[in-house]
Amino acid sequence: MPMASDETSDAYLDLLKRCLTADLYDESAWSVLSGWRSGHGGLAQRLRRAAAAFLKRRGLLVVRQRAFDPALRADGNDWPAFGYTMIGVKRLANVESCIRAIVSEDIAGDLIETGVWRGGSAIFMRAVLKQLGVTDRHVWVADSFEGLPKPTNVHDLADRAWDMSENPYLAVSLEQVRANFARFGLLDDRVRFLKGWFRDTLPTAPIDRLALLRLDGDMYEATMDSLENLYAKVSPGGFVIVDDYGSWPACRLAVDRFRESRAVTAQMIAVAGGAAYWRVPAGQPQVARS
């Protein structure tokens, strides 16, 4: 089958970004949660969580009736009711840029996202590889597929407002994520799933090398588990993207501590919505300092 032209391929990927983020539609955001990423706390946060628990018990989903804000959606600063990813178009563009560099520079390794929600950004990874004609890399999809765990680490417990363990919006089953891949025609043998808490699945994950490590586990413990078990597998020239570096304090603390322990000095480059990434340089120390 002949490859699509560059122009056609670019148009497909641009359309896919808008489909996965639901940027195509003037949809409203999830009412209970839409204010959370905007920094609301205190009583407002507790009321939202109470409302979420109420809705969970009744199996209901309600969306806020307000005007769609394309700027918020582009940056990934609202939570879509019907989209497949909440990271926004700009952060998907960052994923695409990294993959294009990996392929053009022949950086060895697979791609992984740790923390996938409905699977949208991992679906996009697979789509980019397919459009580029890459057939020798896997996309690893790692998640509990049960939502976020109850905080146990002191850093995750520091602010109860960041406890999202009872949030039904974040719990998406493995079966649903697989169905989402299939809906876009992207469920094949190049996609591998790792179900379970990162502390259990990542130490023994059958991954040899990585070219792209994308972290979206939000919490300190999940972020540290991902870095401690996978960073040494990232090839020189590979990318580490941290989705919550600028938006989740415990995540940022984990990343900063890990980088310090590994003497990582590569520049952190900001992306929209609080995400950031760095490239692993040649000769980068990969083991902790004593």
Condition (residue is assigned to a loop (DSSP other than H, G, I, E, B), over 13 Å from the mean Cα position of the chain (by Cα) and surrounded by fewer than 16 Cβ atoms within 10 Å (Cβ to Cβ)) applied to segment 241-263: is it met by at least one residue? yes
Answer yes if at least one residue in segment 267-287 is over 18 Å from Val95 (Cβ atoms) and without any contact (Cβ under 8 Å) to a residue 24 or more places away in the chain, and no otherwise. yes
Could you grab the pairs with beta carbons closer than 7 Å, sequence gap of 6+ or different chains, first residue in segment 163-177 and under 17 Å from Phe82 (Cβ atoms) and modelled with pLDDT of 80 or more, second one acidic (Asp, Glu) and assigned to a loop (DSSP other than H, G, I, E, B)? Ala171/Glu146
Segment 93-112 residues that are under 15 Å from Ala232 (Cα atoms), paired with ones that are aromatic (Phe, Trp, Tyr) and at pLDDT 95 or above (beta carbon under 8 Å, 6 or more apart): Asp110/Trp140; Leu111/Trp140; Ile112/Trp140
Scan segment 180-196 for residues that are assigned to a loop (DSSP other than H, G, I, E, B) and more than 12 Å from Lys130 (Cβ to Cβ) and jot them down. Asp189, Gly196
Considering every residue within segment 215-225, establish whether at least one is within 20 Å of Val139 (Cβ to Cβ) and part of a strand (DSSP E or B). yes
Based on what the data block shows, is Gly120 modelled with pLDDT of 95 or more and on the phi > 0 side of the Ramachandran plot? no
Is there any pair linking a residue in segment 195-219 that is touching a residue at least 40 places away in the same chain (Cβ under 8 Å) and in the same structural domain as Ala101 (by TED's automatic domain parsing) to one that is among the polar types (S, T, N, Q) and surrounded by fewer than 24 Cβ atoms within 10 Å (Cβ to Cβ), with Cβ under 6 Å and at least six apart or on different chains, and which? Trp197/Ser144; Leu202/Asn229; Arg209/Ser235; Ala211/Ser235
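Take the conditions touching a strand residue (DSSP E or B) at 6+ places or on another chain (Cβ under 9 Å), farther than 22 Å from Ala205 by Cα and of a type in the set (Gly, Ala, Ser) and apply them to Ala101. Does it pass? It would help to see each step written out before you state the result.
Numbers: touching a strand residue (DSSP E or B) at 6+ places or on another chain (Cβ under 9 Å): yes; farther than 22 Å from Ala205 by Cα: yes; of a type in the set (Gly, Ala, Ser): yes.
Spelling it out, Ala101 is indeed touching a strand residue (DSSP E or B) at 6+ places or on another chain (Cβ under 9 Å), farther than 22 Å from Ala205 by Cα and of a type in the set (Gly, Ala, Ser).
The values are calculated or read from the model by the stated rules, or taken from the named source; none is laboratory data. What you see is a predicted model, and the numbers here were worked out from it, not measured in a lab. Note: ideal-geometry Cβ built from the backbone for every residue, glycine included; neighbour counts use all protein chains shown.
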